[in-house]
Amino acid sequence: MSFENRDSNNPGPVEGRKGTDNVISSLRVSQQPSFYAFQDASDNNFNNARITNVGGNFTQHINTGGNQDTFLREKLNPILNPVRKLDTCMKGTRQQLLQDLCEWALNSKNTLAWIYGIAGTGKSAVAVTLAERFRGMQDQITLALTFHCVKGQETSNLSLLVPTICYQLANVCPGYKKALIDLFIEDQSLIGSGIPLHEQFNLLLNVSLFQEAREKKIAIIIDGLDEWGTESDQKALVQEMADLTSGVTAIGYSPDGRHVASGSKDHTIKIWNTQTGKQVGQPLQGHTGLVRSVAYSPDGRHVASGSNDHTVRIWDTQTGNQVGQPLQGHTGLVRSVAYSSDGRHVASGSNDHTVRIWNPQTGNQVGQPLQGHTGLTGQLVGQPLQGHTGLIRSVAYSPDGRHVASGSLNHTVRIWDTQTGKQVGKPLQAHTHWVTSIAYSPDGRHLATGSSDHTVRIWDTQTGKQVGQPLQGHTHSVASVAYSPDGRHVASGSNDHTVRVWDTQIEKQVGQLLQHHTSLVRSVAYSPCGRFVASGSDDHTIRIWDTQTGKQFGQPLQGHADWVTSVTYSPDGRHVASGSSDHTIRIWSTQTGKHVGQPLQGHTEWVTSVAYSPDGGHVASGSSDHTVRIWDTHTGKQVGQPLQGHTHWVTSVAYSPDGMYVASGSADHTVRIWDTHTSKQIGQPLQGHTHWVISVAFSPDGRHVASGSLDQTVRIWDTQTGKQVGQPLWGHTGSVRSVAYSPDGRHVVSGSHDVIVWDTQIGKQVGRSFQGHTGLVRSVAYSPDGRHVASGSSDHTVRIWDTQTAYIDRYQQISYVHSPDSHSCFIDPQGWLCYSAQITPDPSLILWVPPALRVGFSDSRQTLTFPQDAINSAVHVIWNNFAYGSDWTQVWKENDD
């Protein structure tokens, strides 16, 4: 639940003022997961306060487990004593609002409430009072956290909100706590506060970590969200919260392939026509918890569904009605359901460690539960199939029954011989996160797998090899996959709220050819000639962009099996080197788009950064294995021993202009300089940052190194003395992910939630920051002539910025808005381009700018965006034929008649 202040200029009534009893005159509840609440908020006063409920029921996914508070504190870095507010609603006020909120919390199927109003109407007081009421309802609801966002306090830190939520949830949900601890044990490098918001939700609040239903609801109250980040940050947060509580969790094809059934976190099942893509009839409603599995009967007339509400339900696909009563008996959530081949029975598997067989005609359980995991009664065939080192999320029988495939949290798929109980071949490895769903093709020759890495992959069951490239397009975890009866298509359901159908013959999403990155951009680099920009992405590809045409140049460079974390051009522009979390470095020909030679292998963990030597003969690489390595680009061999000294991840590497030295930044908070000939560290580590150093760059003369850090600062270091030059450069409101020197060495550009240019001589910001990205800026690079900066972001885009205006206007702020004759202009809240040197009550209106163009229109320094149809993309304006003001008459043509 979030309370936001949207109009600081109109304070309105406050607690205790005359007329306070009538402040809340109506309360509207919306059942749709809409974000119009953000857009409309400033146009509504508190007399028309609205609660918008977003998504399904998050409070259903809980289990029980262990207790290791100290370990979680170290890993999550939560705020243990968040700032408190004490003001409460005056007695007798806000009664209806508070009653409606309590009713929503206890009875609504929707789990995200949003309340907003003008400043001074006591929303924080409502939050405090509501928390008191929840604490007085402990037999019905558990209040996990009340979080008051206050600027200047820890609670305004973007990286600490989600870890704090996780920590407090773990305190009231033992099962979630155990699953969270297991996650951190499995990935010991993971630090909750050190990853972006999207990854915090995807990893730490993944729905799979909540495995048991609870009798009591759990409430979290977030107050003052307008004091937490930017409006885009706030939208991103609520979108992630909505994704927690809505999304497709199960997929099943009808026997004739004409329909797909999908189960969702919103407790419903929907039927879709695969020919038209349209929903058939109304949602099938009845479950009171997340739907985890769906299966068609052999004749296609019925669908069985299993849910977190511990029940199995049978549905008539013609009428949409539930058939009979729920099948009840499981004492834990039902994870999987399947029909027998003759349709006479339904099998269900549950977290209560049992498999049960049901007669769907009578609704009765057939025989006793099949038990084995707990060592109780029931007929277990053979020994357990052992080999996975993580929780098993999905299993599937081959069509001939001779094999079983299993997918696990350890990122692997394994195939087992049902006769011998032995593993067949090696584990199938390529997914970079949990394997969440498995399906055999009808002929048994292929497996489709879905994963939390957002991809679907096809495997050859005979060779154990991946077939083609990953199927990419989902923007969140893939929860379920299913083959069509003819084996030509795979359907996938995801937490991004979509069902996608893929053609397995051509390995493309049906009906769409993607010509841009499908995931966040981690790195960008300019070609030496300045015409091209290379970008590396979590979609496993490198793409080359032509800055003259604004188009992608050639096909994506494909070969990495995991995120592309870093890209760099060779000095002659003929090659691009890329580093990846698949532990390899690859060299690519920019002419052919093919990789040159074999991958450079030696790192034992992620490759986080790569840099070419000035002569192009070597590539330096940094890794999460704590080492820096030097590679010969001609032989592909490692040169000498790894450069060792860092005590944590090496996050960035950079060559000095003469090639004699390499600078490295690390999660150990230091920058180190290395002699490339002796492999020895030069001097002491450069110390001063208080958090991970994410990026380093040498100045063109080699005398200085710039570094950017999660501590939100940029620092300049003297390479001769090892001392920091001047004060830290403060200006960013988030972690600094990338730094780069201008070719003349007079400026440094840095990327965070925005892009800032700094004057290295005076240590000041130059002009206003570049804004337009809707996600974290992860990489920045100067063009060879220094006139432009390229930036790559989590919003999947690359943007090009004109730096010249910023340099000219070094000491004052000016208007960067597109305007005729370079007039000083601004865009008002209604979207009008206004002619005025400053914001005034009655400016001259020039033209109205459509909403989709306003951000790009407001900053003429953004000259290009890849792809060109991205949100907040660059706008080009030609004023030649534009007439306004007194010149409007020039468009009038006298009629000679």
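Which of the following residues is at pLDDT below 80, within 30 Å of residue 476 (Cα to Cα) and not in a loop (DSSP other than H, G, I, E, B): 864, 853?
Working: 853 fails: at pLDDT below 80.
The unique qualifying residue is 864.
Going through (1) more than 22 Å from the chain's Cα centre (by Cα); (2) surrounded by fewer than 20 Cβ atoms within 10 Å (Cβ to Cβ); (3) of a type in the set (Gly, Ala, Ser) one by one, residue 224 falls short only on (2).
Reported count of residues in the range 144-203, each being touching a residue at least 12 places away in the same chain (Cβ under 8 Å), over 19 Å from residue 71 (Cα atoms) and either part of a helix (DSSP H, G or I) or of a type in the set (Val, Ile, Thr) (or both), is 9.
Among the residues here, residue 84 does not qualify as free of Cβ contacts under 8 Å to residues at least 12 places away in the same chain and of a type outside the set (A, V, I, L, M, F, W, C).
From the list 591, 555, 601, the one residue that fits, being within 26 Å of the chain's Cα centre (by Cα) and open to solvent by 40 Å² or more (accessible area, probe 1.4 Å), is 555. For residue 381, the conditions (1) in contact with a strand residue (DSSP E or B) (Cβ under 7 Å, 6 or more places away or on another chain); (2) farther than 21 Å from residue 436 by Cα; (3) at pLDDT below 70 are fulfilled apart from (1). Going through (1) outside any loop (DSSP other than H, G, I, E, B); (2) in contact with a Pro (Cβ under 9 Å, 6 or more places away or on another chain); (3) surrounded by fewer than 16 Cβ atoms within 10 Å (Cβ to Cβ) one by one, residue 683 falls short only on (2). For residue 796, the criteria (1) open to solvent by 50 Å² or more (accessible area, probe 1.4 Å); (2) closer than 20 Å to residue 538 by Cα; (3) modelled with pLDDT of 95 or more hold in every case but one, which is (3).
Kindly provide the set of residues from the range 73-90 that are within 30 Å of the chain's Cα centre (by Cα) and acidic (Asp, Glu), ordered by number. Matches in the range 73-90: 74 only. Out of 181, 185, one residue alone is surrounded by fewer than 20 Cβ atoms within 10 Å (Cβ to Cβ) and either aromatic (Phe, Trp, Tyr) or closer than 21 Å to residue 451 by Cβ (or both). It is 185. Between 521, 499, the distinction of being open to solvent by less than 10 Å² (accessible area, probe 1.4 Å) and either at pLDDT below 90 or touching a Cys at 6+ places or on another chain (Cβ under 6 Å) (or both) belongs to 521 only.
Restricting the range 712-755 to residues that are within 18 Å of residue 669 (Cα to Cα) and aromatic (Phe, Trp, Tyr) leaves a set whose member that is most open to solvent (accessible area, probe 1.4 Å) is 730. For the range 824-873, name all the residues that are farther than 18 Å from residue 774 by Cβ and among the acidic types (Asp, Glu). Matches in the range 824-873: 828, 842. Consider residue 431 carefully, then state whether it is farther than 28 Å from residue 199 by Cα and modelled with pLDDT of 85 or more. No; evaluated as a whole, the condition is false for this residue.
Only one residue in 533, 596 is open to solvent by less than 10 Å² (accessible area, probe 1.4 Å) and of a type in the set (A, V, I, L, M), so which one is that?
On the way: 596 fails: open to solvent by less than 10 Å² (accessible area, probe 1.4 Å).
Criteria check complete, one pass: 533.
Just checking, how many residues over the range 626-644 are without any contact (Cβ under 8 Å) to a residue 24 or more places away in the chain, touching a strand residue (DSSP E or B) at 6+ places or on another chain (Cβ under 9 Å) and assigned to a loop (DSSP other than H, G, I, E, B)? Qualifying residue count, the range 626-644: 1.
When you check residue 487 against the structure, is it out of contact with any Lys or Arg (no Cβ under 7 Å at 6 or more places or on another chain) and within 25 Å of residue 259 (Cβ to Cβ), yes or no? Here the answer is yes, as residue 487 does meet what is asked.
Pull up the range 91-112, narrow it to residues that are modelled with pLDDT of 80 or more and open to solvent by less than 30 Å² (accessible area, probe 1.4 Å), then point me to the one that is farthest from the chain's Cα centre (by Cα).
The first filter runs over the range 91-112 and keeps only residues modelled with pLDDT of 80 or more, leaving 91-106.
When the remaining residues are screened for being open to solvent by less than 30 Å² (accessible area, probe 1.4 Å), the result is 93-94, 97-98, 101-102, 105.
Values: 93: 40, 94: 37, 97: 34, 98: 34, 101: 30, 102: 31, 105: 27 Å.
If we take residues in the range 91-112 being modelled with pLDDT of 80 or more and open to solvent by less than 30 Å² (accessible area, probe 1.4 Å), then 93 is farthest from the chain's Cα centre (by Cα).
Scanning the range 661-675 turns up one or more residues that are assigned to a loop (DSSP other than H, G, I, E, B), among the acidic types (Asp, Glu) and open to solvent by 20 Å² or more (accessible area, probe 1.4 Å).
Scanning the range 517-568 for residues that are within 20 Å of residue 472 (Cα to Cα), hydroxyl-bearing (Ser, Thr, Tyr) and assigned to a loop (DSSP other than H, G, I, E, B) gives 518, 519. Of all residues in the range 563-582, those satisfying the criterion of being within 26 Å of residue 694 (Cβ to Cβ) and either of a type in the set (Gly, Ala, Ser) or surrounded by fewer than 20 Cβ atoms within 10 Å (Cβ to Cβ) (or both) are 566, 570, 571, 577, 578, 579, 580, 581.
The values are calculated or read from the model by the stated rules, or taken from the named source; none is laboratory data. Everything numeric in this text was worked out from a predicted model, so none of it was measured. Note that each Cβ is placed from the backbone with ideal geometry, even for glycine, and that neighbours are counted across all protein chains shown. In case anyone asks, the SASA skips ligands and DNA or RNA and just uses the protein heavy atoms, side chains included. Shrake-Rupley method; radii C 1.70, N 1.55, O 1.52, S 1.80 Å.
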